[in-house]
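Participant: Below: one structure in structure tokens.
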């Protein structure tokens, strides 16, 4: 829609958090926006908890990398093929994706052990 005013950096033309001109936002800007969102959510939660006479559940600071890691962990847990995840994340090799993101949760491990046990 911006036409010739849209000037993305070559190779970074499909960023999740671009400026209005298509350039990368600085890490500080992204962190500040996330922090402001967390502040609003925590404020609302504290107010609701007070009304409901309970302890609030508040978010700690987290980064955009935390969101990426959570997204990746959840899609892998839900059966999205690792090769698809690799392409979504832009990793050059499947090894990178598997080494970083395929930690096994205790519940998942127990379920898989049950499957193996049922083979015999």
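Participant: Taking the condition at pLDDT 90 or above and touching a helix residue (DSSP H, G or I) at 6+ places or on another chain (Cβ under 6 Å), does residue 71 pass? Please lay out each step first, then the result.
Facilitator: On the way: at pLDDT 90 or above: yes; touching a helix residue (DSSP H, G or I) at 6+ places or on another chain (Cβ under 6 Å): no.
It is false that residue 71 is at pLDDT 90 or above and touching a helix residue (DSSP H, G or I) at 6+ places or on another chain (Cβ under 6 Å).
Participant: Is it fair to say residue 66 is surrounded by 13 or more Cβ atoms within 10 Å (Cβ to Cβ) and either closer than 30 Å to residue 112 by Cβ or touching a strand residue (DSSP E or B) at 6+ places or on another chain (Cβ under 8 Å) (or both)?
Facilitator: For residue 66, the condition - surrounded by 13 or more Cβ atoms within 10 Å (Cβ to Cβ) and either closer than 30 Å to residue 112 by Cβ or touching a strand residue (DSSP E or B) at 6+ places or on another chain (Cβ under 8 Å) (or both) - is not met.
Participant: Right, next: Looking only at residues that are surrounded by 14 or more Cβ atoms within 10 Å (Cβ to Cβ) and more than 15 Å from the chain's Cα centre (by Cα) in the stretch 24-34, which one is farthest from residue 11 (Cα to Cα)? Spell out the reasoning first.
Facilitator: Let us first name the residues in the stretch 24-34 that are surrounded by 14 or more Cβ atoms within 10 Å (Cβ to Cβ), namely 24-25, 30-31, 34.
Next, from what is left, pick out any that are more than 15 Å from the chain's Cα centre (by Cα): 24-25.
Values: 24: 11, 25: 15 Å.
Among residues in the stretch 24-34 that are surrounded by 14 or more Cβ atoms within 10 Å (Cβ to Cβ) and more than 15 Å from the chain's Cα centre (by Cα), the one farthest from residue 11 (Cα to Cα) is 25.
Participant: Name the residue, out of 40, 58, 75, that is surrounded by 11 or more Cβ atoms within 10 Å (Cβ to Cβ) and part of a helix (DSSP H, G or I).
Facilitator: 75
Participant: Can you tell which of 103, 91 is outside any helix (DSSP H, G or I) and modelled with pLDDT of 90 or more?
Facilitator: 91
Participant: Pull up the stretch 90-105, narrow it to residues that are within 15 Å of the chain's Cα centre (by Cα) and surrounded by fewer than 15 Cβ atoms within 10 Å (Cβ to Cβ), then point me to the one that is farthest from residue 15 (Cα to Cα).
Facilitator: Across the stretch 90-105, the extreme among qualifying residues is 102.
Participant: Here's something else I'd like to know. Given the conditions (1) assigned by TED's automatic domain parsing to the domain that holds residue 3; (2) in a helix (DSSP H, G or I), report the number of the one that residue 69 does not fulfil.
Facilitator: Of the numbered conditions (1) assigned by TED's automatic domain parsing to the domain that holds residue 3; (2) in a helix (DSSP H, G or I), the odd one out for residue 69 is (1).
Participant: Within the stretch 7-23, can you find the residues that are within 18 Å of residue 66 (Cα to Cα) and surrounded by 12 or more Cβ atoms within 10 Å (Cβ to Cβ)?
Facilitator: 15, 17
Participant: Quick test of your reading of the structure: residue 108 fulfils all but one of (1) closer than 23 Å to residue 16 by Cβ; (2) at pLDDT below 85. Name the failing condition by number.
Facilitator: (1)
Participant: Suppose the filter is under 26 Å from residue 29 (Cα atoms) and without any contact (Cβ under 8 Å) to a residue 12 or more places away in the chain; does residue 62 pass it?
Facilitator: Working: under 26 Å from residue 29 (Cα atoms): yes; without any contact (Cβ under 8 Å) to a residue 12 or more places away in the chain: no.
Considered against the rule, which asks whether it is under 26 Å from residue 29 (Cα atoms) and without any contact (Cβ under 8 Å) to a residue 12 or more places away in the chain, residue 62 comes out as no.
The values are calculated or read from the model by the stated rules, or taken from the named source; none is laboratory data. Quantities reported herein were computed from a predicted structural model and do not represent experimental measurements. Using ideal geometry, Cβ is built from the backbone for each residue, glycine included, and neighbour counts are taken over all protein chains shown.
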